[in-house]
1. For segment 331-351, state whether one or more residues are at pLDDT 95 or above, more than 28 Å from T240 (Cβ to Cβ) and open to solvent by less than 40 Å² (accessible area, probe 1.4 Å).
2. Hey, could you check segment 406-437 for residues that are in contact with a helix residue (DSSP H, G or I) (Cβ under 9 Å, 6 or more places away or on another chain) and assigned to a helix (DSSP H, G or I) and say which is modelled with the lowest pLDDT?
3. Say we look at segment 443-465 and pick out the residues that are out of contact with any Leu (no Cβ under 9 Å at 6 or more places or on another chain) and aliphatic (A, V, I, L, M); which of these is least open to solvent (accessible area, probe 1.4 Å)?
4. May I ask you to list the residues in segment 309-330 that are open to solvent by 30 Å² or more (accessible area, probe 1.4 Å) and of a type outside the set (K, R)?
5. Tell me, please, whether a residue that is touching a Pro at 6+ places or on another chain (Cβ under 9 Å), touching a residue at least 60 places away in the same chain (Cβ under 8 Å), basic (K, R) and crowded, with 18+ Cβ neighbours inside 10 Å can be found in segment 423-442.
6. Provide a single number: the residues in segment 215-258 that are of a type in the set (S, T, Y) and in a loop (DSSP other than H, G, I, E, B).
7. Would you point out which residue out of M248, M236 is buried (at least 24 other Cβ atoms within 10 Å of the Cβ) and over 17 Å from S294 (Cα atoms)?
8. Would you point out which residue out of M307, M311 is in a loop (DSSP other than H, G, I, E, B) and touching a residue at least 12 places away in the same chain (Cβ under 8 Å)?
Amino acid sequence: MIDPLFPDHAALMSVENELTQRLNAVRRASASRKLAVTGLPSAAWLQELRTTRFDGPRELQVLMDWVIDGLESGTVHMTHPGYLGLFNPAPTFAAECADRIAAAFNPQICVYSHAPAAVEIELHVIREIALRAGLPEGSGGHFTSGGAEANHAATLCALQANCPDYGERGVSAFAGPPTVYVSKESHLAWLKIAHATGIGRNAVRLIATDGHGRMNPRALQETVAADIGEGCVPVMIAATAGTTNAGMIDPLTPCGELARRHSVWFHVDAAWGGALVASVVHRKALEGIECADSVTIDAHKWFATTMGAGMFLTTRPEVPAEVFRVYTSYMPAGEAGKDFYVNSIQWSRRFVGLRLFLALGAAGWDGFAGHVARSIRLTGRLAQHLQHHGWSLVNDSPMAVACLVPPQGHEVVRRYIDAVLEDGRYWVSEAIFEGQPVLRACVTNGRTSERDIDLLAEFLASVQV
């Protein structure tokens, strides 16, 4: 009898080969699938799920086929070339290969003595990304589950750097209420982070924009000054390099200068826009990022790895070492700076950095520069086509996102989006830009073609509202 949990190698290879064939069939069907979204799983599929009680064994191959059937009908297919939605593109093949390698070895990467090769690979990638972003030699950091965790780490570091007693005494160690400053267009995970760190959601100051989606430096300066006058303690200015709704980049240099003037932590949330560092040409849009104390970049966004691969970079690695320090007798002592369990919030995690290592190694910076440039070019192509039909492009982003308004105005945006989703070949979203609804189209999928863009533009131009 075959052991269902630990089959012998012959049985393992048989099932693995069948899975590979099935997944390849899914990939082949993806580009030709008419519907990018087919709705909820079938009633029969849901009923079978709800009646599964795990009270007896079932054949693994049958279970995997059943799961894949459910995912095919009950998932927004972000790997589909017509998906122009959020920032999660089709992953590179190199990243998929990395997941299989990581699963086979299953290293505990938070402990250097148990996985020195894996740790060294991740540290190397972090150093190379930091240098590419213009951060100085000696910068460090670690991989995270995503941008929210990386921004959480930045907030903890800002609190610790401002008040060394915070680690032991918490918020009570501050002379006044700690405050952090972000654009109102920023990713609002900041509110959850403020709650989790104990400073409270009211500590997050949502700074007005300049009318074009970027944080207003004057409003920032005035808010910081007013808070200081009222006894608050500013601890961090977090600029966004690639807002979710419109791909706008806050004025990084003025934000950094104000942070230095008031001796507060300067963080840049470049979860999406950080991939611009791959391009010598497009990196110029991130001027000022090199002055940051810390930076967030998500590999699973424009760097196109599989999900769950963020990065926290810092020019001050001694601060997270203080924030996350811990001693336990059961953990083996390691080399300074190389045990991630004392340099990050996570204790056990997957070898996620291999995804970006293999992709960068296979394509090089030039390969990713081409990927970034192509995304920007295709987004511009869609905007230009629609502008010929009377649409307006309302965001001036250096990134691959277009916020578009139809000739009839903001009021009918939802009707166009509903028409696109009903047609099923594409996925676009509604966003709010400077208080008004817009159709948001974002190209990060490396498999999206010019033909895909042209057909979408033709469809939108033909919609009757």
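1. Within segment 331-351, one or more residues are at pLDDT 95 or above, more than 28 Å from T240 (Cβ to Cβ) and open to solvent by less than 40 Å² (accessible area, probe 1.4 Å).
2. D423
3. V463
4. Start the filter on segment 309-330 by keeping residues that are open to solvent by 30 Å² or more (accessible area, probe 1.4 Å), which leaves 315-318, 321-323, 325-327, 329-330.
Once the filter is applied, which keeps residues that are open to solvent by 30 Å² or more (accessible area, probe 1.4 Å) and of a type outside the set (K, R), segment 309-330 yields T315, P317, E318, A321, E322, V323, V326, Y327, S329, Y330.
5. Scanning segment 423-442, I find no residue that is touching a Pro at 6+ places or on another chain (Cβ under 9 Å), touching a residue at least 60 places away in the same chain (Cβ under 8 Å), basic (K, R) and crowded, with 18+ Cβ neighbours inside 10 Å, so the answer is no.
6. First, pick out the residues of segment 215-258 that are of a type in the set (S, T, Y): 223, 240, 243-244, 253.
Then keep just the ones that are in a loop (DSSP other than H, G, I, E, B); that gives 243-244.
So the count comes out to 2.
7. Numbers: M236 fails: over 17 Å from S294 (Cα atoms).
Being buried (at least 24 other Cβ atoms within 10 Å of the Cβ) and over 17 Å from S294 (Cα atoms) holds for just one of M248, M236, which is M248.
8. Numbers: M311 fails: in a loop (DSSP other than H, G, I, E, B).
Only one candidate qualifies: M307.
The values are calculated or read from the model by the stated rules, or taken from the named source; none is laboratory data. Quick caveat, the model's predicted, so the values are computed rather than measured. Neighbour counts are summed over all protein chains in view; Cβ atoms, including those assigned to glycine, are modelled from backbone coordinates with ideal geometry. Ligands, DNA and RNA are stripped out before the accessible areas are found, and what is left, the full protein with its side chains, is counted by its heavy atoms. Shrake-Rupley method; radii C 1.70, N 1.55, O 1.52, S 1.80 Å.
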